[in-house]
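Please read the structure below before turning to the comments.
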Amino acid sequence: MNSNKKIIGITGPIASGKSIVADFFMHKGVPVINADKIGHEILLNEKIKDQIIRCFGDLILKNGEIDRKKLGKIVFHDTQKLHELNAIVHPSLIKEILTRIENNTKPVIAIDAALLLQWNMNRLCNHVILVTAPENIRIERLLNHSNLSFEEARDRVRAQQKFSGKDADFVIINDGSFEELNTQVEFIWKHIIRSK
């Protein structure tokens, strides 16, 4: 990795608001590597797709492609199935993130990844930002921004491992207004650009 690059890791549980924080950095001209988007692209890879179908059966297909909602219903109810899916997808996903960091020539890059800490990618980062919010707020956000049932939203929120602030340089509690969130991120941004 190019030691001249400054890498910002943005992590946090589902519906915490980390994508909004990532957008803030994009507006500052910082390229953001989004793990979710890469994950969606990887599901289109024929080799990965075949492995997933072998593992989960063809009931997860819709018009010949993997239906993420059907797959989600399985893995967010069953921790073992979630581990099996992660074992198929994550190695390629991590490799692609590392490639994109290496190929990017900008001086500051951000990685938006819920599993940043589990993948030990915080070791690559100069700064790690953890975005979090209470469970009830995150469930409510999921219900407002998806067509999930309450049970599905709750299962997705609870399927994730717990996040600890001890591995982060900055912790944002996103339980207020957009303006309050923006103020917190602006403060962190000023600190990052001042630091060497």
Practice task
Go through the residues of the range 173-184 one by one and say whether even a single one is at pLDDT below 90, of a type in the set (A, V, I, L, M) and surrounded by fewer than 18 Cβ atoms within 10 Å (Cβ to Cβ).
Solution key: no
Problem - Residue identified as at pLDDT below 95, in contact with a Ser or Thr (Cβ under 8 Å, 6 or more places away or on another chain) and either in a strand (DSSP E or B) or among the hydrophobic types (A, V, I, L, M, F, W, C) (or both) among Leu143, Leu148, Leu130, Leu117 - result: Leu117
Problem - Some residue of the range 180-191 being out of contact with any His (no Cβ under 7 Å at 6 or more places or on another chain) and not in a helix (DSSP H, G or I) - result: no
Handout entry: Where Lys69 falls short, out of the listed (1) out of contact with any strand residue (DSSP E or B) (no Cβ under 9 Å at 6 or more places or on another chain); (2) of a type outside the set (Gly, Ala, Ser); (3) assigned to a helix (DSSP H, G or I)
Key = (1)
Problem - Given (1) touching a helix residue (DSSP H, G or I) at 6+ places or on another chain (Cβ under 6 Å); (2) modelled with pLDDT under 95; (3) within 22 Å of Leu181 (Cβ to Cβ), number of the condition Lys18 does not satisfy - result: (1)
Handout entry: Test for Ser146: is it without any contact (Cβ under 8 Å) to a residue 12 or more places away in the chain, in contact with an Asp or Glu (Cβ under 9 Å, 6 or more places away or on another chain) and closer than 17 Å to Gly17 by Cβ
Key = yes
Practice task
Looking only at the range 78-86, decide whether some residue is farther than 30 Å from Lys6 by Cβ and in contact (Cβ under 8 Å) with a residue 60 or more places away in the chain.
Solution key: yes
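One line per residue, one yes/no per condition, for (1) crowded, with 19+ Cβ neighbours inside 10 Å; (2) among the small types (Gly, Ala, Ser); (3) more than 23 Å from Asn147 (Cα to Cα):
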| site | (1), (2), (3) |
| --- | --- |
| Ile52 | yes, no, yes |
| Leu61 | no, no, no |
| Asp67 | no, no, no |
| Lys73 | no, no, no |
| Asp78 | no, no, no |
| Val89 | no, no, yes |
| Lys95 | no, no, yes |
| Leu98 | no, no, yes |
| Ile101 | no, no, yes |
Practice task
Of the numbered conditions (1) within 24 Å of Lys28 (Cα to Cα); (2) surrounded by 15 or more Cβ atoms within 10 Å (Cβ to Cβ), Lys106 fails exactly one; give the number of that condition.
Solution key: (2)
Exercise for the section: Using the structure shown, decide if Lys73 is in contact (Cβ under 8 Å) with a residue 60 or more places away in the chain, of a type in the set (D, E, K, R) and in contact with a helix residue (DSSP H, G or I) (Cβ under 8 Å, 6 or more places away or on another chain). Expected result: yes
Handout entry: Every residue from the range 151-162 that is of a type in the set (D, E, K, R) and either outside any loop (DSSP other than H, G, I, E, B) or on the phi > 0 side of the Ramachandran plot (or both)
Key = Glu151, Glu152, Arg154, Asp155, Arg156, Arg158
Exercise for the section: Starting from the range 153-166, take each residue that is among the acidic types (Asp, Glu) and list its partners that are modelled with pLDDT of 80 or more, counting only C-beta distances under 8 angstrom and pairs at least six apart or across chains. Expected result: Asp155/Phe76; Asp155/His77
Completion exercise
Among the residues of the range 88-114, the number that are part of a helix (DSSP H, G or I) and not aliphatic (A, V, I, L, M) is 9
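The values are calculated or read from the model by the stated rules, or taken from the named source; none is laboratory data. Just so you know, these numbers come straight off a predicted model, no measurement behind them. Using ideal geometry, Cβ is built from the backbone for each residue, glycine included, and neighbour counts are taken over all protein chains shown.
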